[in-house]
Every structure is written in structure tokens, then in C-alpha cells.
1. Under the condition of being over 17 Å from the mean Cα position of the chain (by Cα) and in a loop (DSSP other than H, G, I, E, B), which residue from the range 253-264 is surrounded by the fewest Cβ atoms within 10 Å (Cβ to Cβ)?
2. Please work out which one of (1) over 30 Å from Asn330 (Cβ atoms); (2) open to solvent by 40 Å² or more (accessible area, probe 1.4 Å) is the condition Arg350 fails and give its number.
3. Kindly check whether there is at least one residue in the range 369-385 that is acidic (Asp, Glu) and assigned to a helix (DSSP H, G or I).
4. Mind checking whether some residue in the range 271-285 is of a type in the set (Lys, Arg) and under 23 Å from Lys206 (Cβ atoms)?
5. Could you list, in sequence order, the residues of the range 369-380 that are over 28 Å from Glu323 (Cβ atoms) and either among the charged types (D, E, K, R) or over 12 Å from the mean Cα position of the chain (by Cα) (or both)?
6. For the range 145-185, name all the residues that are open to solvent by less than 20 Å² (accessible area, probe 1.4 Å) and assigned to a strand (DSSP E or B).
7. Within the range 495-503, is there a residue that is under 28 Å from Ile199 (Cβ atoms), at pLDDT 95 or above and not in a helix (DSSP H, G or I)?
8. Which residue out of Ala189, Ala274 is among the small types (Gly, Ala, Ser), assigned to a helix (DSSP H, G or I) and buried (at least 20 other Cβ atoms within 10 Å of the Cβ)?
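The values are calculated or read from the model by the stated rules, or taken from the named source; none is laboratory data. Given the structure is predicted, the values throughout are model-derived calculations rather than measurements. With ideal geometry, Cβ positions are generated from the backbone for all residues, glycine too; neighbour counts draw on all protein chains shown. Calculation scope for accessible area: heavy atoms of the full protein, side chains included, ligands and nucleic acids excluded. Shrake-Rupley method; radii C 1.70, N 1.55, O 1.52, S 1.80 Å.
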Amino acid sequence: MAEDSEMEFTKLLDKPKLHIERQRSLDELSVANGTLRAVDSYESMYPPSAARRSAPGTPMSPAPNAFEPHFMVADAWDALRRSLVFFRGQPVGTLAAYDHASEEALNYDQVFVRDFVPSALAFLMNGEPDIVKNFLLKTLHLQGWEKKIDRFKLGEGVMPASFKVRHDPIKKTDHLVADFGESAIGRVAPVDSGFWWIILLRAYTKSTGDLSLAEAPECQKGMRLILSLCLSEGFDTFPTLLCADGCSMIDRRMGVYGYPIEIQALFFMALRCAFLMLKHDAEGNEFVERIVKRLHALSYHMRSYFWLDFQQLNDIYRYKTEEYSHTAVNKFNVIPDSIPDWVFDFMPTRGGYFIGNLSPAMMDFRWFAHGNCIAILSSLATPDQSMAIMDLLEARWEELIGEMPLKITYPAIESHEWRIVTGCDPKNTRWSYHNGGSWPVLLWMLTAACIKTGRPQIARRAIEQAETRLMKDNWPEYYDGKLGKYIGKQARKFQTWSIAGYLVAKMMLEDPSHLGMISLEEDKAMKPLMKRSTSWTV
């Protein structure tokens, strides 16, 4: 890119902040009419605690009546700071992993958009927002690059999966190298990067009260470009977003092609965050109207058809097939014999979750932790559904939490099914990596969901289990085994988001007001007129 283009974005870093009260910044908006509306916020439940923040560069100081900081916290901060990446003297992100013992760097020496999110939250919670602002602007700059894979051009709004900084020691210059999917396993562009960028922009604004960044023309355009991609009209009859395998955190073939829960929950959350930040000008209003329509349709679709609890499972078990017309109860023609045996034993009488995927004649009944936690934080899940997810976690603690939190998906697929679904992927063998592996980074999402639902004891118990091994094992990327007992066979050590995920979880438990930057209250205008025990009828 031209130097003058680079300098234009660098100027944004020096814009003065607007100092406004945290409690009043970026108030929630009603999707019903786009007007300001007062809601119960976590910042009113838990007063902001800026006064007890430690100085930048040090761990948070203990809050009154809170647990004493664990000795791992200081080690985690040291490890997190070692992973910082600098561009022209300014920190712009964190490496995926800082594992010097590994012979091959692969792509772990890059700054990943999704991986940086827990790092960004940790820095925001510790009163260090500048690195987050730098990251947001730098990735926004990369969004403007021409994106080609072989001879095919990607959509204008695609955000990079990752980038690295290359330093020329002779010329003493830095330049960026971005990956939009052309270097990824399977050559799949990241659908989730744009969503995470919008969510992080809102988190930055919520945390700092600095509205100038979100309101900058460049950021407004960036949001509109992302929304143009995912709100485009086509042949699809569902409000969910059609996605390929490998386009999210599960970045390899794992049978999630279609409408994976992780992407739908992130899509929902990004739409709500964009709705809060888009200007109501000529360009912004067009997208606001489209967001409102999509949110209503998406919330109804997900809450009605993706939700599974004991009653719903029993209804599906008794479905008739080959139904036609608008009176059909089995709208997706799901064959009851396709329900896997494990679901009947796994489903408690109290509890429920959003299934992994849904399309014609196909229900993926697997549990996916990422999507369900985001569903709670975004209020895609109703309050009753959020509590049911927590009930499920408590009832199935050994299966979903085990010895090292948290199972990314349950159960593992194996044998002939593994060969077909994963293409004999040697990394996604049973109870490993994405196929039933345990990922410590998910601690921060679990903790946030627990605080939002008033069940912090679940998070505290999970964190205490993680603390018995995480630092001793040098902060692995993931754990293997049915209970998450073994360090992953290909897991990197000093995995940055494992470190940051732990720090964010600890800081949120210490000061629950931090939850406000990553959680959205339920919008009553989208509350469906339905009961949890109803079948799939309109």
C-alpha cells in the first residue's frame, strides 16, 4: 500500500479522546425503533472500579471482599507482554503463540483477529486501551487491500484472518503481510474476523467512553462493508448465514458446513453492536433498517429451531416426516431415526442448549461451547434459555468441563464417521483439538456467561481446576482426552489466548462491571411469543 495511505490511518491514532462517563457511554438502543432506551446494565449492578485498577503494566489489584490474586496472574501478565507485536514502534497485537521450544513457527508467529480478542479485553480491563485502538485501525487498514486467492477476488469487506509485521533491518522499515485465507489450512476466508472486529470496536468504546473512534468515517465505512457482505440478499430462505467448514475458530473440516451455531451467534452479536454504533445518516440508516429486519428474523429462527431441551427432544423423537405446506410441524423434514443415541442420555430433564447446525433433513446435535456462550452474551438466548445452558453445564460437568475447561465440542466423532466427516484429519482425532479437545481460552466466555446469568460459582470452580495445571504446563493451546487430562499432542506452549483468556476470566470475577464491554442486554422488542415447551409451529 502507498505510504500516504498508511500515514492517513496513523493520524487517527493521535485523535483526542472524548472523556465521558463510562456508565453513560454507548447506551443500549432498542431495535424496535432505533431510539435511546434505558436498560438495566451491569455497570449499575456493579459500580465501575477504575479507582482500584493497578497502574498500566501490572496486574489488577484486589477488590474489597474479593479473592486474593492467584500467583499465576503475574506470570500470565509477563507471558502476555512477551507476545506483543510492534509496528513502527507501536504495539498492534499479540502473537498467537510464543513457543520457542517448537521447531516450526507455522502461522503461530502472526497476529490473528479472533485470537487477539481476549488479549484486547485483558488490556482494556487493565486500563491499557491504546494497543486495542492500534489493532482496530491496523486491521481496518488491511481491510482496504485488494484480496485475491489464485485468480478470484474476495468481497471488499472481508477482514484478514491474521497479519504479521516484517522488519527490514537494512532500511529500518516495517511492513505488513496479511492473510485473507490464501495461506490458511484449506484456503478458507475467515467469516468471523469481521464480526469480532465490530464486537471489539464496541468493547473499546464501552470501556473507554471514547466515541470518536467508532464515529470516524473510516470505522463507519468498515462496518458498512462488513454488513454489506453478510446482509446481501440471495437464494437462501433462512435468516442464518451460510458458511463453509473452516471459516471460524474451528478452522479445519469438522462437519460444520451450513449454518454453524458459532457463526450465527457471532453474526447476531455483531449486528447488535453495529446497530449501536452506526451513525444515523443517509448511509447508516439504510443498514440500520436492514439490521432491524434481520435481527427479528434471526432471533426467532435461532430460538425456535436451534434450541434443544428435553421437551423439544421428545417432540423431535415423535416427528412425522414428508410433511408439506405451511401446516408442517417437522419443517426441516428431520428423520427421527437420525437422532444419535448419545443425545438421549446426555440431555438432562432440566437444561438445554443450541444445537450445532440445522439444514434440510440434518440436525447436528453436538454441543459447541463457543456458540452457546456467545448466545448468552449477545442475548440471542432468552433469559430462560441462558439459565438452561447453565443448568446443562452443571448437570454434565464431567463431560463438558472435565479436568481442564472447556470442551470445544461434545461428543467427539470417531471411527468411520471421523473418516467421512473430517477427511481422516490426523489433527482432529477423537477427543483432540477441535474434535472434543479442551480449550482453556474458553474460560473467559464461560466466566462472562456465568456472571451474566448470576452463576459465578460455576466459573470459579472451572478456573480453580484450570489453575492446578495451566501455568505448570506452560499455558498449552489445548488439552486432549475425554476429560481433558493430557496436553494436546500438537498443542503449542505459551499460547497467547490461553494466557489472556485466564486473565480476563480472573478480572471479570474480581470486577463484574467489566462484563458490560462484552455483554448485551436482551431487547424486549425481539422477545418471541413462544414457550420453551412448544413444538416447531409458528
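1. Tyr257
2. Arg350 satisfies all of (1) over 30 Å from Asn330 (Cβ atoms); (2) open to solvent by 40 Å² or more (accessible area, probe 1.4 Å) except (1).
3. Checked against the condition, which is being acidic (Asp, Glu) and assigned to a helix (DSSP H, G or I), the range 369-385 yields at least one hit.
4. yes
5. Within the range 369-380, Ser379 is the sole residue that qualifies.
6. Answer for the range 145-185, where residues must be open to solvent by less than 20 Å² (accessible area, probe 1.4 Å) and assigned to a strand (DSSP E or B): Ser162, Phe163, Leu176, Ala178, Asp179.
7. Looking through the range 495-503, at least one residue is under 28 Å from Ile199 (Cβ atoms), at pLDDT 95 or above and not in a helix (DSSP H, G or I).
8. Details: Ala189 fails: assigned to a helix (DSSP H, G or I).
That would be Ala274, the only listed residue that is among the small types (Gly, Ala, Ser), assigned to a helix (DSSP H, G or I) and buried (at least 20 other Cβ atoms within 10 Å of the Cβ).
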